[in-house]
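Here is the structure we will look at, set down as structure tokens.
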Amino acid sequence: MIADLGNLFPDRARTDRWNAHKCSGTNFASRKGHTLVEIAIALCVIGVLAGIGWGVFQDRISSYRMLHVARMLHSDLVLIRSLAIDTNREARIHFLTADAAMDPEDVGHGSWDLQIGNRGSGSTQWDTLPADVGGVVDVSQGERSLEVDGANASRWVSLAEWGALEDDSITFTPRGWIANQGADFVNGEIELKVVNKRALIERGDESVVLTVSRSGLARMRTVTP
């Protein structure tokens, strides 16, 4: 019977296994961690990727905010037109502030009110939504503001100047048509513009143009550099 030498000489067996590992070049201690150089390289790579990702994220956010504001304004135009038809009274969007300087380093600017008139035409009083009942003044549904402290604050997004508008408003008749004077229309439409100011720094004009025809139909068109 051949004896098991490992059992007869346990110390020699352990020594032989250790020598075998040394000869094969295996060092188990090196598998338990990373060198400082490896850690430094990994941190550098993570930093570069994070920087690139942050820039892309900022661009995406500003574009998203621009689209959000444009869609809100488009929805307001549709809402006011429907309100005029349903109540048989004039209704309007009254523009209050715009971004004249369009400084890309500045915060967003622009505000407007949603209002209903007291007559079917030639209204002399305008009530910001919701319509006041029993003498209680409430404007909670009709105020829009992109300013830094406004209810719809949108950094890097501004409403461009709207040009010459009668009473700084777009007014709808009970038939859903626009009641503004002819001089307010360019090529049969009134044009509004929402601008991504962050894009002005890096790419140029990126905006959404909203047009309203004489018949009261509103459309959106995206402008990219």
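May I ask you to list the residues in region 128-140 that are touching a strand residue (DSSP E or B) at 6+ places or on another chain (Cβ under 7 Å) and either at pLDDT 90 or above or over 18 Å from I80 (Cβ atoms) (or both)?
Once the filter is applied, which keeps residues that are touching a strand residue (DSSP E or B) at 6+ places or on another chain (Cβ under 7 Å) and either at pLDDT 90 or above or over 18 Å from I80 (Cβ atoms) (or both), region 128-140 yields T128, L129, V139.
From the list W177, W156, W126, W162, which residue is among the aromatic types (F, W, Y) and in contact with a Phe, Trp or Tyr (Cβ under 8 Å, 6 or more places away or on another chain)?
After applying the criteria, what remains is W162.
Return the residue satisfying two criteria in turn: it lies in region 150-199 and is under 29 Å from the mean Cα position of the chain (by Cα) and of a type in the set (S, T, Y), and of such residues it is farthest from V69 (Cα to Cα).
T171
Can you find even one residue in region 212-220 that is surrounded by 19 or more Cβ atoms within 10 Å (Cβ to Cβ), more than 18 Å from S75 (Cα to Cα) and at pLDDT 95 or above?
no
Any residue in region 185-205 that is crowded, with 18+ Cβ neighbours inside 10 Å and of a type in the set (F, W, Y)?
No - not one qualifying residue is present in region 185-205.
Residues in region 98-125 that are outside any loop (DSSP other than H, G, I, E, B) and surrounded by 19 or more Cβ atoms within 10 Å (Cβ to Cβ): how many?
So the answer is 6.
Would you say D168 is within 20 Å of H74 (Cβ to Cβ), surrounded by 15 or more Cβ atoms within 10 Å (Cβ to Cβ) and acidic (D, E)?
Criteria met by D168.
Go through region 84-110 and give me each residue that's within 17 Å of S169 (Cβ to Cβ) and either charged (D, E, K, R) or free of Cβ contacts under 8 Å to residues at least 40 places away in the same chain (or both).
R89, E90, R92
In region 59-67, is there at least one residue being in a loop (DSSP other than H, G, I, E, B) and touching a residue at least 12 places away in the same chain (Cβ under 8 Å)?
No; the residues of region 59-67 include none that is in a loop (DSSP other than H, G, I, E, B) and touching a residue at least 12 places away in the same chain (Cβ under 8 Å).
Of all residues in region 129-162, count the ones that are assigned to a loop (DSSP other than H, G, I, E, B), touching a residue at least 60 places away in the same chain (Cβ under 8 Å) and not hydrophobic (A, V, I, L, M, F, W, C).
4
The values are calculated or read from the model by the stated rules, or taken from the named source; none is laboratory data. A quick note: this is a predicted structure, and the numbers were derived from the prediction, not measured. For neighbour counting, all protein chains shown are included, and Cβ atoms are generated from backbone atoms with ideal geometry for every residue, glycine included.
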